[in-house]
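Working notes for the structure below.
The values are calculated or read from the model by the stated rules, or taken from the named source; none is laboratory data. Bear in mind the structure is a predicted one, so any value in this text is a computation, not a measurement. Cβ coordinates were reconstructed from backbone atoms using ideal geometry, including for glycine residues, and neighbour counts include every protein chain displayed.
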Amino acid sequence: MKHDEALFQYLLRLGDSPLILAQRLGERVGHGPVLEEDIAQTNVGLDLLGQARLWLAYAGEVEAGFAAAGRDEDQLAFLRDAGEFRNLLLVEQPNGNFADTTARQFLFDAWHLRLLRALAGSTDARIAGIAAKGAKEAAYHAERSGDWVIRLGDGTDESRAKMQAAIDDLWMYTGEMFAPDATELALVEAGIAADVRALAAPWRQHVDAVLAEATLKAPGETFMQQGGRRGVHTEHLGRLLAEMQVLQRAYPGARW
Amino acid sequence: MKEWPLWEIFIRSQHGLAHRHVGSLHAPDAGMAIKNARDVYTRRNEGVSIWAVRSADIVASAPGDREALFEPANSKVYRHPTFFPMPDEVKHL
């Protein structure tokens with residue numbers, strides 16, 4: 001794969017995860033358990049959407065270097081099919097109950113924060129800049145979602161059971177966060193991409209510390225689902241995209 | 001959530017010296033009260049510092065005591081510094 005094509009693929013991976021998670025959090029607008037949480041969750045969603053825009057805009061510019069024409073951020077977000085999305089399987093999982101939403105957010109945030117901090121040292125100045133900006137937001141996200149895991153885990157019997165079930169259910173989607181493919185490793189070699197393998201130990205430490213404080217158990221060794229990087233997704237992504245993309249699909253080029 | 005206590009939120013703005021009361025919100029504990037206040041009241045760059053105080057811990061004067069507390073001051077106009085002749089040259093007073 002040529003350098004530009006590899007970089008394009010990598011930028012899609014960086015942009016698609018926050019984009020899809022933002023859409024999931026957007027589904028929560030008006031459905032938060034309390035007003036304060038409703039605002040907080042959608043704030044996080046908007047932060048992630050802002051980051052996704054920066055990554056996808058850059059991806060489109062890089063694409064123009066090797067394809068007939070580069071797509072803009074909207075075309076990339078609204079006109080790709082599920083098989084062309086490169087997000088983590090974790091972020092496309094449904095909102096479920098509040099513990100499910102919280103667990104998904106926490107497992108992602110603890111990884112995302114470290115990814116962005118690592119990318120802030122990228123030799124690609126544009127990537128480094130976007131990552132440095134996003135890392136400040138991600139630090140708050142991780143603190144907030146971790147706080148909720150602790151409060152629900154170390155809460156009532158019911159909240160504890162739901163929080164444990166949520167962590168157990170989502171655990172199998174955490175493996176792919178630390179499994180780079182050849183495309184990514186070539187960019188790591190060039191100092192452009194972050195080596196996600198190095199994030200595994202600190203992520204696990206962070207997660208274990210929060211789970212311990214929450215009186216929850218980390219799940220044992222389990223089969224890890226993978227596929228997001230290759231566009232092989234769970235059944236949930238198609239339905240999410242149907243809702244996210246319906247306007248641009250029905251009225252191509254619509255603006256407001 | 002019914003048992004979540006109410007918190008009064010005070011924000012110090014970019015150029016303000018003192019924290020000002022901006023509103024109230026519900027949160028399960030002090031830590032989450034600060035985080036909720038961050039999300040509810042500082043979304044538009046309003047502040048550089050947040051105080052959260054449990055509403056139950058605020059001691060307020062009773063509306064029924066209004067006469068006893070505040071009316072005696074009404075008839076004491078001499079407490080306002082309005083009886084001094086001011087030279088014209090002094091501005092901004």
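Looking at (1) more than 26 Å from A:L152 (Cα to Cα); (2) of a type in the set (A, V, I, L, M); (3) not in a loop (DSSP other than H, G, I, E, B), which is the only condition B:M86 fails?
The number of the failed condition is (3).
Can you tell me which of B:L6, B:L17 is more than 10 Å from chain A (Cβ to nearest Cβ) and at pLDDT below 90?
On the way: B:L6 fails: at pLDDT below 90.
Only one candidate qualifies: B:L17.
Please enumerate the residues belonging to segment A:128-156 that are in contact (Cβ under 8 Å) with a residue 12 or more places away in the chain and within 18 Å of A:L199 (Cα to Cα).
A:A131, A:A132, A:G134, A:A135, A:A138, A:A139, A:H141, A:A142, A:G146
Restricting to segment B:57-93, give me the number of residues that are under 30 Å from B:A30 (Cβ atoms) and either in contact (Cβ under 8 Å) with a residue 24 or more places away in the chain or of a type in the set (D, E, K, R) (or both).
Taking segment B:57-93 and keeping what is under 30 Å from B:A30 (Cβ atoms), we get B:57-63.
If we keep only those that are either in contact (Cβ under 8 Å) with a residue 24 or more places away in the chain or of a type in the set (D, E, K, R) (or both) as well, we get B:57-58.
Qualifying residue count for the region: 2.
I'm told A:L152 meets every condition in (1) over 30 Å from A:K217 (Cα atoms); (2) crowded, with 20+ Cβ neighbours inside 10 Å except one. Can you identify the failing condition by its number?
Every listed condition holds for A:L152 apart from (1).
Residue check: is B:A33 assigned to a loop (DSSP other than H, G, I, E, B) and in contact with a strand residue (DSSP E or B) (Cβ under 8 Å, 6 or more places away or on another chain)? First the steps, then the outcome.
On the way: assigned to a loop (DSSP other than H, G, I, E, B): no; in contact with a strand residue (DSSP E or B) (Cβ under 8 Å, 6 or more places away or on another chain): yes.
Criteria not met by B:A33.
Name the residue that is surrounded by the fewest Cβ atoms within 10 Å (Cβ to Cβ), counting only residues in segment A:26-49 that are more than 13 Å from chain B (Cβ to nearest Cβ) and part of a helix (DSSP H, G or I). Give the steps one after another, and end with the answer.
Start the filter on segment A:26-49 by keeping residues that are more than 13 Å from chain B (Cβ to nearest Cβ), which leaves A:26-31, A:48-49.
Narrowing the set further to residues that are part of a helix (DSSP H, G or I) leaves A:26, A:48-49.
Working: A:G26: 16, A:L48: 29, A:L49: 18.
Only one residue tops the list, namely A:G26.
Give the residue that is surrounded by the most Cβ atoms within 10 Å (Cβ to Cβ), with candidates limited to residues of segment B:1-29 that are in contact (Cβ under 8 Å) with a residue 24 or more places away in the chain and of a type in the set (A, V, I, L, M).
B:I9
Please give the number of the condition A:G191 fails out of (1) touching a Ser or Thr at 6+ places or on another chain (Cβ under 7 Å); (2) buried (at least 20 other Cβ atoms within 10 Å of the Cβ).
Result: A:G191 fails condition (2) only.
Do we find a residue being out of contact with any His (no Cβ under 8 Å at 6 or more places or on another chain) and on the phi > 0 side of the Ramachandran plot anywhere in segment A:99-121?
no
Which of the residues spanning segment A:229-246 are assigned to a helix (DSSP H, G or I) and modelled with pLDDT of 95 or more? Walk me through it before giving the result.
Taking segment A:229-246 as the starting set, the residues that turn out to be assigned to a helix (DSSP H, G or I) are A:229-230, A:236-246.
Selection gives A:H236, A:L237, A:G238, A:R239, A:L240, A:L241, A:A242, A:E243, A:M244, A:Q245, A:V246.
Restricting to segment B:21-62, what's the tally of residues that are within 11 Å of chain A (Cβ to nearest Cβ), of a type in the set (S, T, N, Q) and under 19 Å from A:E143 (Cα atoms)?
2
Considering every residue within segment A:165-177, establish whether at least one is free of Cβ contacts under 8 Å to residues at least 60 places away in the same chain and surrounded by fewer than 16 Cβ atoms within 10 Å (Cβ to Cβ).
No, that holds for no residue.
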